[in-house]
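*Asks:* First the structure, then my questions, so here it is.
The values are calculated or read from the model by the stated rules, or taken from the named source; none is laboratory data. Remember, predicted model here, so these are calculated numbers, not experimental data. Here the Cβ positions follow ideal geometry from the backbone for every residue, glycine too, while neighbour counts run over all protein chains shown. Ligands, DNA and RNA are stripped out before the accessible areas are found, and what is left, the full protein with its side chains, is counted by its heavy atoms. Shrake-Rupley method; radii C 1.70, N 1.55, O 1.52, S 1.80 Å.
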Amino acid sequence: MPVHLTPNAIAAISAGDLNSKPLVQVIDIKLLGKQERYRFIVSDAVSCQHAMVATQLNDRIKTSQVKKGSIIQLTDYISNYFQNRKIIVVLNMETIILDSEIIGDPKPYVESGSTAQKALPNNNFEHSVGDSNNCMISQESVRNVQSLRPTSHSGTSLNRGPNLRPTFHSENSVHNVPNFRPTVQPPYQPPPQYKNHGSIVKNEAPARIIPINALNPYQGRWAIKARVTAKGDPRRYNNARGDGKVFSFDLLDSEGGEIRVTCFNAVLDRFYDTIEVGRVYLISKGSLKPAQKNFNHLKNDWEITLDASSTVELCPDEDGSIPEQKFSFRHISEIENVDSNSIVDIIGIVISVNPSVPIMRKNGMETQRRIVNLRDWSGKSVELTLWGDVCNREGQRLEDMLASGLFPVLAVKAGKINDFSGKSVGTIHSTQLFINPDIPDSHSLREWFDRGGKDTASVSISKDIVPGGSKNEIRKTVSQIKDEGLGRSDKPDWVTVKATISFIKTDSFCYTACPLMIGDRQCNKKVSRSGNRGWQCDRCDQEFEECDYRYLLQAQIQDNTGLTWATAFQESGEEILGCSAKDLYLLKEQDDARFGDIVRSSIFNQFLFKLKIKEETYGDEQKVKITVVKADKVNYSSESKYMLDMILKFTR
């Protein structure tokens with residue numbers, strides 16, 4: 001039984017016909033890359049073209065519902081340019097015949113030089129058809145096709161003529177096999193789409209606004225109208241392709257779709273000052289790429305990268321249909337069962353705010369950390385750790401409000417779950433904090449708290465909290481550091497030890513440091529003399545007249561179980577000695593007796609030491625290094641509460 005593929009199907013789809021639902025044959029299937037995308041080559045028996053298959057159809061290929069040679073009907077599809085060539089994107093299809101021999105001798109479809117599917121004058125028809133199909137056609141065949149053309153009448157549109165579908169016929173060969181090649185395929189003539197506007201140059205039609213959730217990388221011209229909900233700071237990067245800069249911003253549209261937009265280098269310079277959080281923009285001509293889920297928490301598989309041809313237009317009229325922000329709040333009690341490193345939105349009443357403290361990062365740079373405690377009506381509370389500049393912005397504002405007797409509502413957008421000694425939430429670069437937001441969840445929480453919620457008991461899901469402590473603490477003794485082999489695993493151990501300083505080395509208690517700023521941070525790398533009066537920093541490759549001084553303090557700490565050596569850097573050194581490294585260095589040079597008094601006054605003082613313990617290699621020898629991250633003088637009231645709690649645990 002002969003199989004009739006839809007004639008001119010490839011040409012018609014390439015010209016923009018999306019409604020004919022043609023029958024085509026799959027003549028090749030290939031799996032592309034790690035993203036499990038399948039590529040077809042589809043044929044109408046004369047022409048063939050590449051087609052990408054939507055991922056939701058992958059199971060049909062894996063289960064052999066479609067295979068090489070299958071006759072399929074394209075029920076939903078589009079045609080777009082991808083990497084400078086036109087392809088068909090198959091969004092839905094039906095299998096008509098599963099197994100079939102390859103029909104005809106299809107050749108790759110090539111559009112003609114001008115407008116591929118433009119109607120041709122009669123006197124040029126024969127030559128053009130012969131060229132476009134890469135074969136010779138007889139004069140009689142051409143005359144037969146021309147005789148089928150409708151006579152043009154005044155007031156009749158071009159798409160009302162008779163069906164020009166060519167007939168298929170079988171020709172007897174040696175094996176009596178039917179020939180399925182159509183006699184001739186006249187060029188496809190799409191109906192005019194832009195009336196009363198004169199001639200339209202290709203791709204000059206205005207881009208159609210579509211929802212964010214409808215975006216896919218195979219669309220051609222598109223535009224989205226959305227509100228900027230978050231904007232990141234410019235960041236520098238260095239990779240195999242060189243140095244550069246990048247920034248990102250998040251968009252939200254009226255249907256609740258969210259997507260991240262990224263700009264590099266010159267595009268950053270063009271759009272960074274234009275983008276403002278809270279404003280609505282019309283954005284078009286960007287490329288879609290798979291979202292990097294390590295850095296992108298939005299519920300979208302794609303992200304947009306803008307380029308030199310992209311447009312970003314501000315919509316001056318406020319669009320009330322687009323919300324200011326989209327939240328997906330989780331109750332604090334639910335966080336206990338959420339995986340570590342997950343990104344969540346939470347909302348709660350602020351019940352305590354700790355002071356901001358400096359922290360040394362792994363790269364040697366300092367940052368700020370502040371702990372905020374939140375609770376909600378689920379009967380649970382959780383620690384929220386603020387990092388960086390947010391400590392001195394929103395963190396300080398929260399501390400001031402709490403000091404004045406207010407208990408503000410805090411909504412956290414995109415916080416990161418941490419399971420270090422219990423569950424807690426931390427801020428990342430894309431986290432946003434909203435104090436007393438004007439949203440229904442905030443009003444309900446405030447009403448609950450004011451009507452008696454503040455007097456109800458709550459249990460912290462951030463475990464092992466020492467009363468009065470600034471962070472989750474795991475208490476150890478000095479002897480346990482060695483007995484339990486702390487610091488010998490892949491990750492460092494963080495413990496708190498109550499101990500007394502018994503000795504401080506004074507011959508090399510500080511080092512000369514670079515005072516230059518790198519971004520918003522001081523370099524702090526060790527510097528050396530350059531000439532008689534100057535200093536040289538190899539990292540910054542600059543010279544300067546005066547250097548800074550930073551602690552590199554070697555101290556012996558002990559408790560009733562033993563003693564050990566520990567290293568204290570700048571902040572913890574100041575907490576131990578009570579003055580800056582530069583002041584103490586100058587004092588040693590000018591007044592050695594006064595210098596000795598300051599050091600002796602620090603001996604036999606008791607501290608709560610927050611220690612970082614990690615095994616490091618020095619030459620060929622491995623040693624456990626103990627670093628003092630923080631040194632707090634013992635608060636005997638809080639310490640008494642802690643000891644009473646420990647006694648209660650042992651007596652149960």
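Yes or no, residue by residue, for (1) at pLDDT below 80; (2) more than 27 Å from residue 219 (Cα to Cα):
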{"site": "46", "(1), (2)": "no, no"}
{"site": "49", "(1), (2)": "no, no"}
{"site": "63", "(1), (2)": "no, yes"}
{"site": "71", "(1), (2)": "no, no"}
{"site": "78", "(1), (2)": "no, no"}
{"site": "86", "(1), (2)": "no, no"}
{"site": "121", "(1), (2)": "yes, yes"}
{"site": "127", "(1), (2)": "yes, yes"}
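*Asks:* Among what's in segment 245-286 and is under 19 Å from the mean Cα position of the chain (by Cα) and either on the phi > 0 side of the Ramachandran plot or of a type in the set (S, T, N, Q) (or both), pick the residue that is surrounded by the most Cβ atoms within 10 Å (Cβ to Cβ).
*Replies:* So, considering only residues that are under 19 Å from the mean Cα position of the chain (by Cα) and either on the phi > 0 side of the Ramachandran plot or of a type in the set (S, T, N, Q) (or both), the one surrounded by the most Cβ atoms within 10 Å (Cβ to Cβ) is 248.
*Asks:* Can you tell me which residue among 324, 313 is open to solvent by 80 Å² or more (accessible area, probe 1.4 Å) and either touching a helix residue (DSSP H, G or I) at 6+ places or on another chain (Cβ under 9 Å) or part of a strand (DSSP E or B) (or both)?
*Replies:* Selected residue: 313, the only one of 324, 313 that is open to solvent by 80 Å² or more (accessible area, probe 1.4 Å) and either touching a helix residue (DSSP H, G or I) at 6+ places or on another chain (Cβ under 9 Å) or part of a strand (DSSP E or B) (or both).
*Asks:* Quick check on my filter: what residues within segment 48-103 are among the hydroxyl-bearing types (Ser, Thr, Tyr) and buried (at least 18 other Cβ atoms within 10 Å of the Cβ)?
*Replies:* 70, 77, 79 - these are the residues of segment 48-103 that are among the hydroxyl-bearing types (Ser, Thr, Tyr) and buried (at least 18 other Cβ atoms within 10 Å of the Cβ).
*Asks:* Same structure again: Given (1) open to solvent by 40 Å² or more (accessible area, probe 1.4 Å); (2) within 30 Å of residue 390 (Cβ to Cβ), where does residue 624 come up short, assuming only one miss?
*Replies:* The single condition residue 624 does not satisfy is (2).
*Asks:* In the set 400, 450, 455, 419, which member is open to solvent by 80 Å² or more (accessible area, probe 1.4 Å), modelled with pLDDT of 90 or more and within 22 Å of residue 331 (Cβ to Cβ)?
*Replies:* 450
*Asks:* Identify all residues within segment 555-589 that are outside any helix (DSSP H, G or I), over 20 Å from residue 479 (Cβ atoms), open to solvent by less than 60 Å² (accessible area, probe 1.4 Å) and in contact with a strand residue (DSSP E or B) (Cβ under 7 Å, 6 or more places away or on another chain); write none if there are none.
*Replies:* Within segment 555-589, 568 is the sole residue that qualifies.
*Asks:* Scan segment 572-599 and report the pairs whose first residue is in contact (Cβ under 8 Å) with a residue 12 or more places away in the chain and whose second residue is charged (D, E, K, R) and open to solvent by less than 30 Å² (accessible area, probe 1.4 Å), with Cβ atoms within less than 7 Å and a gap of 6+ or a chain change.
*Replies:* Taking only residues 6 or more apart or on different chains, the pairs are 581/550.
*Asks:* Still on this structure, I have one more. Given the condition under 30 Å from residue 631 (Cα atoms) and in contact (Cβ under 8 Å) with a residue 60 or more places away in the chain, answer yes or no: does some residue in segment 532-546 qualify?
*Replies:* Within segment 532-546, not a single residue is under 30 Å from residue 631 (Cα atoms) and in contact (Cβ under 8 Å) with a residue 60 or more places away in the chain.
*Asks:* Show the residue pairs that are 6+ apart or on different chains and have beta-carbon atoms under 6 Å apart, the first residue being within segment 632-652 and within 30 Å of residue 602 (Cα to Cα) and outside the structural domain of residue 355 (by the TED database), the second being open to solvent by 100 Å² or more (accessible area, probe 1.4 Å) and at pLDDT 85 or above.
*Replies:* If the second residue must be open to solvent by 100 Å² or more (accessible area, probe 1.4 Å) and at pLDDT 85 or above, no pairs are left.
*Asks:* Next up: Picking from 265, 196, 300, which residue would you name as being modelled with pLDDT under 85 and outside the structural domain of residue 415 (by the TED database)?
*Replies:* 196
*Asks:* I'm told residue 388 meets every condition in (1) over 29 Å from residue 292 (Cβ atoms); (2) open to solvent by less than 40 Å² (accessible area, probe 1.4 Å) except one. Can you identify the failing condition by its number?
*Replies:* All conditions are met except number (1).
*Asks:* Continuing with the same structure: Among 27, 10, 41, which is closer than 19 Å to residue 105 by Cβ, without any contact (Cβ under 8 Å) to a residue 24 or more places away in the chain and among the β-branched types (Val, Ile, Thr)?
*Replies:* Only one candidate qualifies: 41.
*Asks:* Can you report the number of residues in segment 494-524 which are open to solvent by 50 Å² or more (accessible area, probe 1.4 Å) and of a type in the set (Phe, Trp, Tyr)?
*Replies:* Number satisfying all stated conditions: 2.
*Asks:* With the requirement that a residue be open to solvent by 50 Å² or more (accessible area, probe 1.4 Å), closer than 18 Å to residue 505 by Cβ and not in a helix (DSSP H, G or I), what does segment 590-604 give you?
*Replies:* Within segment 590-604, 604 is the sole residue that qualifies.
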